[in-house]
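One structure is given here, and the rest of the page talks about it.
FYI, it's all coordinate maths here, none of it is from the lab. Values in this document were obtained by computation on a predicted structure and should not be read as measured data. Every residue, glycine as well, gets a Cβ built from its backbone with ideal geometry; the counts of neighbours run over all protein chains shown.
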Amino acid sequence: MTTRLVSSLFSRHTKCFFRGQCRLDRTSRTFSFSFAGPRKLDEIVKLDLLEGKTSEEVSEIWKNYHDSKEHVHGFIVEGKEGKSILSRAAQCPFFIQPIFRDDGFFMLVSQFQKPNHFLMAYLEDYKMDPSAANPLLTFSVFEDLSEKLDISLVRCDIINKGIHDEEGAKVCTHMVDLYRNDDEFTAVHAFNKAPDTFDYDDHISRQNQKWNQP
């Protein structure tokens, strides 16, 4: 099942799977998306007002700002981690991530879009019709301050009310962990580069353990 799923994700006919949000630029042969969240960091904060601030001060501003908003979350990772996440995502743009409820779970599929955006949709919607699968949540990794302050800022936008805020925050943090931690990234790499070696059951088991951690 996993091999067929990954093969379909990489099909040239299904490279873009969010309805009404992609178009083929026939000149550059690349896809572009109408991204639901802010495309750039300066669309969220006034960067000039952060001049002279320490990494701790910026982190506090970022967290407090998002704590006051509904259906959005803000996280901070180290600057080098942000760069690593984006580099790895460019090489391995697809993955699957479960959301656990009661005694079961449902699966989301993630697609990375350069330069720094991740879009996530129901896997079952994608399997039925890739062109009709809508994003349920998105998150972006902004590395604008990675060199100066050694921090990267992560923004998660929950688009569909069917995803609870706590669930969206968990999915985002778990996805970030999968791309930044060497031991967890092995699963992402296998899924994209060697699907025959991807252990679906082990991935679900590991994510279930993380999901239930306090």
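Computed over segment 36-174, the Cα gyration tensor eigenvalues convert (square root of 5λ each) into semi-axes of 28, 16, 13 Å, ordered from largest to smallest.
For a modelled paramagnetic label at E43, 7 Å from Cα along Cα-to-Cβ, the residues of segment 119-156 in reach, with backbone nitrogen under 13 Å, are 138-142, 155-156. Place a point 7 Å from the Cα of S55 along the Cα-to-Cβ direction; which residues of segment 131-155 have their backbone N under 17 Å from it? Under cut-off, by backbone N: 142-154.
Scaled to the globular estimate 2.2 N^0.38 Å, the Cα spread of segment 99-214, given as radius of gyration, is 1.11. Cβ-Cβ distance of D102 and I204, R₀ of 25 Å, FRET efficiency by 1/(1 + (r/R0)^6): the value works out to about 0.95.
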